[in-house]
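S.K.: I'd like to ask you about the structure that follows.
The values are calculated or read from the model by the stated rules, or taken from the named source; none is laboratory data. All of these numbers come straight from a predicted model, not from anything done at the bench. For neighbour counting, all protein chains shown are included, and Cβ atoms are generated from backbone atoms with ideal geometry for every residue, glycine included. The protein model used for the area step is the full one, side chains on, heavy atoms only, and it has no ligands, DNA or RNA in it. Shrake-Rupley method; radii C 1.70, N 1.55, O 1.52, S 1.80 Å.
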Amino acid sequence: MSSAIYTFAPPVLIRKTSCNGVPRFTHPKSLWRSRVSMAVSVESREIATKDDLFRDYKPSQAFLFPGQGAQALGMGAEAQMVPAAAELFHKANDILGFDLLDVCTNGPKEKLDSTVISQPAIYVMSLAAVEVLRARDGGPDIIDSVDVTCGLSLGEYTALAFAGAFSFEDGLKLVKLRGEAMQDAADAAESAMVSIIGLDSEKVQLLCDAANEEVDEKNKVQIANYLCPGNYAVSGGVKGVEAVEAMAKSFKARMTVRLAVAGAFHTRFMEPAVSRLEATLAATEIRAPRIPVISNVDAQPHSDPDQIKNILARQVTSPVQWELTVKTLLGKGLKKCYELGPGKVIAGIVKRMDRSADIENISA
């Protein structure tokens, strides 16, 4: 066996001359650090440039996709009359391992409402609604005219699929994993969500602060969903949510509504789901979307595939910035929007923010 011989040489100093003619010496390590700093700076600029494709977007027509909670028994019947829409259900059955249409039409409701079923069901239903629209007179022209899209929580995946960031099949696999990971995270801790009606976001934050003073760390709550003025969802430990409900009237809230979801979505309680999402996202091919897709995390469009992956992983633990998203779209001059999928929750939110907004629902 040969032995390695390491020799250590004294550091070499590089001679430079200062402006007054006095020589000075620079250690090569300082030059190395400078070069590394420059390289990092260049790389950061390149990443920023890759993600800036839609920085100055000007929305005209938008597709908006619903999130969990929009599901309803009987959905999917109209889609079966459109071959391209019906085909999505057939593809979904192979990926999910069960008859999705049967669950959507026959239930039972408790099964359809579960996180692991409702999320893929709404994803498929919403993209089936796109095909239903495409089959109508003038539908292809409407689809081609859409220049921005976004979705509420789960709906962000639907929006990315519509925008071509990933295939229908890859998106469904992601959504399936997302639902399973979120359900498992919810099962691991006692948590809940509640809607606070009739308060602005500042008052809701004060309500959360007051409730958090009454509970231990594991039960603390936070705003998880900024839906629209007067309607914000709070998530956290069960005792923290109960404290919010008990104090809400004293803060002049009109009412509270406990949400029928598995747990405290869009909070630290979903942290166990992040690593599973990251692993699946890393193995998924994601491309730059063909149109802006507004993120729930920061209400901004992103075009860099790596950044999109990062944001989707963060989304489950980050508050949903839906109010800011809609406000920004309307402020940028959005003229017409379509809600594609089950329910009319998004239409109601948009109308609440601007009664003159032009929004149409396309179901399947």
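S.K.: Mind listing whichever residues of region 105-127 are under 23 Å from Thr149 (Cβ atoms) and of a type outside the set (Phe, Trp, Tyr)? Break it down into steps so the answer makes sense when it comes.
M.R.: Applying the first criterion (under 23 Å from Thr149 (Cβ atoms)) to region 105-127 yields 118-127.
Residues satisfying the conditions are Ser118, Gln119, Pro120, Ala121, Ile122, Val124, Met125, Ser126, Leu127.
S.K.: Continuing with this model, one more query. Kindly indicate whether any position in region 69-85 is crowded, with 22+ Cβ neighbours inside 10 Å, touching a Pro at 6+ places or on another chain (Cβ under 6 Å) and small (Gly, Ala, Ser).
M.R.: Checked region 69-85: at least one residue is crowded, with 22+ Cβ neighbours inside 10 Å, touching a Pro at 6+ places or on another chain (Cβ under 6 Å) and small (Gly, Ala, Ser).
S.K.: Being among the basic types (Lys, Arg) and under 19 Å from the mean Cα position of the chain (by Cα) is the filter; apply it to region 151-210 and report the residue that is farthest from Thr317 (Cα to Cα). Outline the logic, then answer.
M.R.: Restricting attention to region 151-210, the residues satisfying the condition of being among the basic types (Lys, Arg) are 173, 176, 178, 203.
Now narrow it down to the ones that are under 19 Å from the mean Cα position of the chain (by Cα): 173, 176, 178.
Values: Lys173: 20, Lys176: 17, Arg178: 12 Å.
Filtering region 151-210 for residues that are among the basic types (Lys, Arg) and under 19 Å from the mean Cα position of the chain (by Cα), the one farthest from Thr317 (Cα to Cα) comes out as Lys173.
S.K.: Sticking with this structure for a sec: Give the residue, chosen from Ser153, Ser114, Ser60, that is of a type in the set (Gly, Ala, Ser) and closer than 28 Å to Glu285 by Cβ. Lay out the reasoning, then the answer.
M.R.: Values: Ser114 fails: closer than 28 Å to Glu285 by Cβ; Ser60 fails: closer than 28 Å to Glu285 by Cβ.
The match here is Ser153.
S.K.: For residues that are farther than 19 Å from Phe265 by Cα, in contact with a Lys or Arg (Cβ under 8 Å, 6 or more places away or on another chain) and not small (Gly, Ala, Ser), scanning just region 173-211, find the one that is surrounded by the fewest Cβ atoms within 10 Å (Cβ to Cβ).
M.R.: If we take residues in region 173-211 being farther than 19 Å from Phe265 by Cα, in contact with a Lys or Arg (Cβ under 8 Å, 6 or more places away or on another chain) and not small (Gly, Ala, Ser), then Lys203 is surrounded by the fewest Cβ atoms within 10 Å (Cβ to Cβ).
S.K.: Residues Phe269, Phe265: which one is open to solvent by less than 20 Å² (accessible area, probe 1.4 Å) and either out of contact with any Pro (no Cβ under 8 Å at 6 or more places or on another chain) or in a helix (DSSP H, G or I) (or both)? Working first, answer last.
M.R.: On the way: Phe269 fails: open to solvent by less than 20 Å² (accessible area, probe 1.4 Å).
Criteria check complete, one pass: Phe265.
S.K.: Sticking with this one: Restricting the search to region 118-142, which residues are more than 15 Å from the chain's Cα centre (by Cα) and open to solvent by less than 10 Å² (accessible area, probe 1.4 Å)?
M.R.: First, pick out the residues of region 118-142 that are more than 15 Å from the chain's Cα centre (by Cα): 118, 121, 124-142.
Matches in region 118-142: Ser118, Ala121, Val124, Met125, Ser126, Ala128, Ala129, Val130, Val132, Leu133, Gly139.
S.K.: State the number of residues belonging to region 93-108 that are within 30 Å of Val350 (Cα to Cα) and touching a Pro at 6+ places or on another chain (Cβ under 8 Å).
M.R.: 1
S.K.: Take the residues in region 91-108 that are modelled with pLDDT of 95 or more and open to solvent by 50 Å² or more (accessible area, probe 1.4 Å); name whichever of them is farthest from Thr158 (Cα to Cα).
M.R.: Pro108
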